[in-house]
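Below is one structure, written out as structure tokens; comments come after it.
The values are calculated or read from the model by the stated rules, or taken from the named source; none is laboratory data. In this text the structure is predicted, and so the values were computed from the model without any measurement. All Cβ positions, even for glycine, are placed from backbone atoms using ideal geometry, and neighbour counts span all protein chains on display. In case anyone asks, the SASA skips ligands and DNA or RNA and just uses the protein heavy atoms, side chains included. Shrake-Rupley method; radii C 1.70, N 1.55, O 1.52, S 1.80 Å.
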Amino acid sequence: MKSDKNITMKEAKRRTGLSSRQIRYYDEQDLIFPERSSGNQRLFSESDIKVLEKIKELLAQGNSIETIRSKITAPEIEEDLSEDDYQALDYDDSFNKYGGADLDSLYPVSNRSALLKKLSLINKTKSPEGESKDGKKD
DNA sequence: CTTCTGACA
DNA sequence: TGTCAGAA
């Protein structure tokens, strides 16, 4: 995984087509989680850009930012999502950041939902029929 | 020069 | 959401 959070605001604006005001606003809405470095400046990752692009897309589709936030922070598990959806909502950098660190405050249920989704997908995809004959478990 | 935050229209 | 001010 490469979670290079080196994308500047300018780049983010250029790549997403969103205004700095919007990007900052979405950041406040916890839709994106840019690293903060030198001069308290935002450093976005590819995942952040991806999310921003999705936000823009959803926004263009006539969704309110609250709706968008719901979709991005807590995507429905019951939805018939395809692997594409997961790619669109790439939390790898988020997991990477909070995965090894002490995650106890941030990420209320967003991670869990996304994780559950991924897990359920893997479950369906791989069809894991693990029948333990012997009742031996650790 | 570019970005950040807070605030106003 | 755009834009201004003051600071970094």
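Between A:Ser45, A:Ser20, the distinction of being more than 9 Å from DNA strand B (Cβ to nearest atom), more than 18 Å from A:Glu66 (Cβ to Cβ) and of a type in the set (Gly, Ala, Ser) belongs to A:Ser45 only. Residues in the stretch A:42-55: is at least one more than 13 Å from the chain's Cα centre (by Cα) and at pLDDT below 95? No: the stretch A:42-55 contains no residue that is more than 13 Å from the chain's Cα centre (by Cα) and at pLDDT below 95.
For the stretch A:10-26, which positions are open to solvent by 20 Å² or more (accessible area, probe 1.4 Å) and either part of a loop (DSSP other than H, G, I, E, B) or away from DNA strand C (no atom under 11 Å from the Cβ) (or both)? Of everything in the stretch A:10-26, those that are open to solvent by 20 Å² or more (accessible area, probe 1.4 Å) and either part of a loop (DSSP other than H, G, I, E, B) or away from DNA strand C (no atom under 11 Å from the Cβ) (or both) turn out to be A:Lys10, A:Glu11, A:Arg14, A:Arg15, A:Gly17, A:Ser19. Among the residues making up the stretch A:34-50, a single one is in contact with a strand residue (DSSP E or B) (Cβ under 6 Å, 6 or more places away or on another chain) and surrounded by fewer than 17 Cβ atoms within 10 Å (Cβ to Cβ): A:Ser37.
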